[in-house]
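The values are calculated or read from the model by the stated rules, or taken from the named source; none is laboratory data. Predicted, not measured: the structure shown is a model, and the values here were computed from it. So basically every Cβ, Gly included, is an ideal-geometry build from the backbone, and we count neighbours across all protein chains shown.
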Amino acid sequence: MAGNPRSREIKLATIQQLDRIADAHLQWTHAYHRSLLCGDSPDPEVTAPDAHHSCPFGVWYRQLDLSEYQPWTTHLQRIDVLHRQMHESAAHLMLGRSGAAMSAEAYDRFADHSYRFKTGVRALQMKLIKDICLIDHLTGVWNRSSLSQRLSEECDRMLRYGGSCCLCMMDIDHFKMVNDRHGHAIGDRVLQMVAATAQRRLRRFDSIFRYGGEEFLVCLPRASLAEAEASMERIRLEIAGTAVVVEDDIEIRVTASFGVSEFHSTADMDACIEAADQALFIAKATGRNRVCSF
């Protein structure tokens, strides 16, 4: 799933911090090579056993709550290992120099660790930037721009391994009335509540997209039509039972309608979405606040 507004704040802050770390690494590398080539006395901060703790990346990494960095935790841990190896090889190279030429093997090891650390930082930064560009900033779910890519990936998975998949269109009932009566700020809170409710009820590998306005599309890999209908029914009930506070003593409740269709790997993607939309139309036409399948 895409995450939530808090996740977006963390990603933005991380992108900015990684930019500062990359800049600090460039300056550190320049100073290190100058000292190495010009024969300056080794900097104690370079040769210290815990040098990787005192530089910008080390200071930042040690205060992270890695539980907030899913699914990037493994990537961050790999960068931390490379960072420690870089400092260890830098200290070894600096302390081992003599009047004779330095060991080419030792220098190559340091250069490799330094390069891989730098590219690891930049790769994570670019992944976070891409992630933010594909997320709806209001609700924290995937936006429509990410839909084609992710459904294509699911098509490829079904062609390779088989199995089922369902698409579900979800639309908030009478949403215009909410905006007209209570204002767009309350309407935004309703959208956030509906998206958050759906995310809580979906599985880890399901995906939810803001399709447009008050309409969302859900992709349920490895789910039969009956399983998808049951999943949407649970979400429908929870949305109907959740209040949105308008003022201290005023609450509003909304309902949602759902249309479910089977997603076939050999069918046109737009046709599969259209089938879910047709099922949603049936749900709307037959009274709203219900789940229908096509």
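Computed quantities for the displayed model
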quantity	calculated
The range 77-98 residues that are free of Cβ contacts under 8 Å to residues at least 40 places away in the same chain, paired with ones that are assigned to a loop (DSSP other than H, G, I, E, B) (beta carbon under 7 Å, 6 or more apart)	96/103
Test: residue 218 is aliphatic (A, V, I, L, M), out of contact with any Lys or Arg (no Cβ under 9 Å at 6 or more places or on another chain), assigned by TED's automatic domain parsing to the domain that holds residue 186 and buried (at least 18 other Cβ atoms within 10 Å of the Cβ)	yes
Residues satisfying the stated conditions in the range 260-273, i.e. within 27 Å of the chain's Cα centre (by Cα) and either part of a helix (DSSP H, G or I) or of a type in the set (A, V, I, L, M) (or both)	260, 269, 270, 272, 273
Residue 117 out of contact with any strand residue (DSSP E or B) (no Cβ under 6 Å at 6 or more places or on another chain), touching a residue at least 60 places away in the same chain (Cβ under 8 Å) and either surrounded by 14 or more Cβ atoms within 10 Å (Cβ to Cβ) or assigned by TED's automatic domain parsing to the domain that holds residue 60 (or both)	yes
Any chance residue 105 is in contact with a strand residue (DSSP E or B) (Cβ under 7 Å, 6 or more places away or on another chain) and either assigned to a helix (DSSP H, G or I) or within 30 Å of residue 220 (Cβ to Cβ) (or both)	no
Per-region count, the range 183-210, residues hydroxyl-bearing (Ser, Thr, Tyr), under 15 Å from residue 135 (Cα atoms) and modelled with pLDDT of 95 or more	0
Residues of the range 215-259 classified as farther than 14 Å from residue 283 by Cβ and part of a loop (DSSP other than H, G, I, E, B), total	8
Matching residues, the range 54-100, being assigned to a loop (DSSP other than H, G, I, E, B) and closer than 27 Å to residue 39 by Cα	55, 96, 97, 98, 99, 100
Selection count, the range 271-287, where residues are among the aliphatic types (A, V, I, L, M) and buried (at least 18 other Cβ atoms within 10 Å of the Cβ)	6
Qualifying residues in the range 117-139 (those that are assigned to a helix (DSSP H, G or I) and of a type in the set (D, E, K, R)) - the one nearest to residue 74 (Cα to Cα)	127
Residues that are small (Gly, Ala, Ser) and in a helix (DSSP H, G or I), drawn from the range 14-45	22, 24, 31, 35
Filter result (farther than 12 Å from residue 293 by Cβ, surrounded by 13 or more Cβ atoms within 10 Å (Cβ to Cβ) and over 25 Å from the mean Cα position of the chain (by Cα)) within the range 239-259	240, 242, 244, 246, 252, 254, 255, 256, 257
Among residues of the range 141-154, those that are surrounded by fewer than 18 Cβ atoms within 10 Å (Cβ to Cβ) and in contact with a helix residue (DSSP H, G or I) (Cβ under 9 Å, 6 or more places away or on another chain), counted	3
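So that you can scan it fast, the table gives a plain yes or no per residue for (1) in the same structural domain as residue 206 (by TED's automatic domain parsing); (2) more than 20 Å from the chain's Cα centre (by Cα):
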| residue | (1), (2) |
| --- | --- |
| 86 | no, yes |
| 89 | no, yes |
| 92 | no, yes |
| 138 | no, no |
| 159 | yes, yes |
| 165 | yes, yes |
| 173 | yes, yes |
| 179 | yes, yes |
